[in-house]
Amino acid sequence: MDARTLRSLSRDLVRELGMFAPQCCATPLTPVEAHLLIELESADLTNNQLAERLRVDKSNTSRPLSRLQERGLVDRVPHQQDGRSQQLRLTEQGRALLQQLHQQLDDRTAAMLALFSDDEQQQLRTGIERYLQGLRWLQQQDGYQLRELQAGDQAALAALIRTVSAEHGLTADRGYGVADPQLDTLFPLYQGPGRRFWVLLDPQGSLVGGAGIAPLQDANESICELQKMYFLPQARGRGLGRRLLRAALDFAREQGYQHCYLETTAVLARATRLYQQMGFRPLTAPLGNTGHCACEIRMLCDLSGPAQHAEPALAATGCGCGSAAQP
């Protein structure tokens with residue numbers, strides 16, 4: 001699906017939900033007023049907090065809040081922690097009207113869900129949850145930049161890899177990627193056909209993550225390896241690992257690779273879940289020769305089509321240990 005199609009479907013959804021209607025169901029509430037009452041149902045909030053929750057400017061909530069107060073649906077009360085500020089609170093009348101609205105909307109939604117099977121309802125829930133997660137990730141990624149590795153990034157990248165490795169106990173003496181002799185001079189290793197390394201910069205321009213693609217040594221030329229995927233704590237939980245991994249796999253396909261291999265460890269559980277979500281499947285034996293020997297999880301992604309659960313008939317050599325760390 002392309003961006004224009006998703007935007008069109010989103011507009012259709014907004015229209016069908018009645019977000020442009022003058023009132024919600026059989027209540028005297030506008031859509032904005034209804035959303036404000038729903039936000040106040042669980043806690044007293046300031047105007048600024050309400051605006052933030054609705055993703056609008058404060059000026060867009062002030063007027064409807066005044067209308068709600070004039071109709072006796074909300075009250076202004078002193079802020080419990082800040083005596084200079086006020087919070088909005090639902091009145092009993094406001095709660096009664098909101099319950100009426102909930103019942104009408106619940107009945108309508110239940111009737112719609114009844115048109116679908118249990119499996120279809122689960123697919124609907126999963127799709128909407130993923131859509132919302134993507135929108136939240138996008139907001140959290142504001143100001144972050146993904147670009148190719150430059151020679152001047154080498155010292156910061158090596159320091160990042162050592163920091164994240166130490167955080168998870170991936171020490172050099174145990175055979176992890178942090179022991180690579182080229183760790184301080186990675187830039188030359190990712191120059192040339194079939195090789196590339198990306199770094200992630202935070203809004204202040206500091207290097208906070210990275211990952212690379214290169215041919216898998218001593219393996220079929222159709223296989224590449226995902227290498228040295230590391231993220232500092234402040235870059236995690238923002239969907240940035242998914243963003244970087246998508247760029248890496250797209251590059252691998254463009255270069256003609258048919259499979260992407262990686263090695264990791266159970267210590268990095270969140271990373272392993274991400275790899276699975278992005279199409280990687282476990283292998284029972286290592287492929288190629290990564291030069292490491294400590295990572296017990298080996299995974300492969302089929303780049304030519306849908307993710308495959310079966311292992312391809314590829315030569316397996318070496319001990320195997322992934323350099324990929326938790327995003």
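The values are calculated or read from the model by the stated rules, or taken from the named source; none is laboratory data. Just so we're clear, the structure is a prediction, and the values are computed from it rather than from any experiment. Cβ coordinates were reconstructed from backbone atoms using ideal geometry, including for glycine residues, and neighbour counts include every protein chain displayed.
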- Item | Which numbered condition residue 145 misses (of (1) farther than 26 Å from residue 238 by Cα; (2) surrounded by fewer than 17 Cβ atoms within 10 Å (Cβ to Cβ); (3) of a type outside the set (Gly, Ala, Ser)) | (1)
- Would you be able to say whether some residue in the range 105-128 is surrounded by 11 or more Cβ atoms within 10 Å (Cβ to Cβ), assigned by TED's automatic domain parsing to the domain that holds residue 180 and over 28 Å from residue 2 (Cα atoms)? no
- With 177, 134, 169 as the choices, which residue is touching a residue at least 12 places away in the same chain (Cβ under 8 Å) and either more than 29 Å from residue 263 (Cα to Cα) or not assigned by TED's automatic domain parsing to the domain that holds residue 240 (or both)? 134
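Which strands (runs of 3 or more DSSP E) sit wholly inside the range 180-231 and have at least 2 residues that are in contact (Cβ under 8 Å) with a residue 60 or more places away in the chain?
Numbers: elements: 196-201, 207-215, 223-231.
Hits in the range 180-231: 207-215, 223-231.
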- Does the range 5-16 include one or more residues that are under 22 Å from residue 139 (Cα atoms), of a type outside the set (Gly, Ala, Ser) and either in contact with a Lys or Arg (Cβ under 7 Å, 6 or more places away or on another chain) or surrounded by 17 or more Cβ atoms within 10 Å (Cβ to Cβ) (or both)? no
- Quick one: in the range 288-304, which of the residues that are under 29 Å from the mean Cα position of the chain (by Cα) and in a loop (DSSP other than H, G, I, E, B) is modelled with the lowest pLDDT? 294
- Query: Limited to the range 46-70, what total is found for residues that are within 23 Å of residue 23 (Cβ to Cβ) and not in a loop (DSSP other than H, G, I, E, B)?
  - Reply: 16
- When you look at residue 127, is it free of Cβ contacts under 8 Å to residues at least 40 places away in the same chain and not aliphatic (A, V, I, L, M), yes or no? yes
- Note on the structure: Scanning the range 26-45 for residues that are assigned to a loop (DSSP other than H, G, I, E, B) and charged (D, E, K, R), the one surrounded by the most Cβ atoms within 10 Å (Cβ to Cβ) turns out to be 44
- Task: Confirm whether residue 114 is closer than 25 Å to residue 10 by Cβ and more than 23 Å from the chain's Cα centre (by Cα).
- Result: yes
- Note on the structure: When the range 253-276 is checked residue by residue, the ones that are assigned to a helix (DSSP H, G or I) and surrounded by fewer than 23 Cβ atoms within 10 Å (Cβ to Cβ) are 253, 254, 269, 270, 272, 273, 274, 276
- Note on the structure: Those residues of the range 7-46 which are of a type in the set (A, V, I, L, M, F, W, C) and either outside the structural domain of residue 69 (by TED's automatic domain parsing) or more than 31 Å from the chain's Cα centre (by Cα) (or both) amount to 21, 24, 25, 26, 29
- Residues of the range 44-62 satisfying the condition of being closer than 22 Å to residue 81 by Cβ and either of a type in the set (Asp, Glu) or in contact (Cβ under 8 Å) with a residue 60 or more places away in the chain (or both): 44, 52
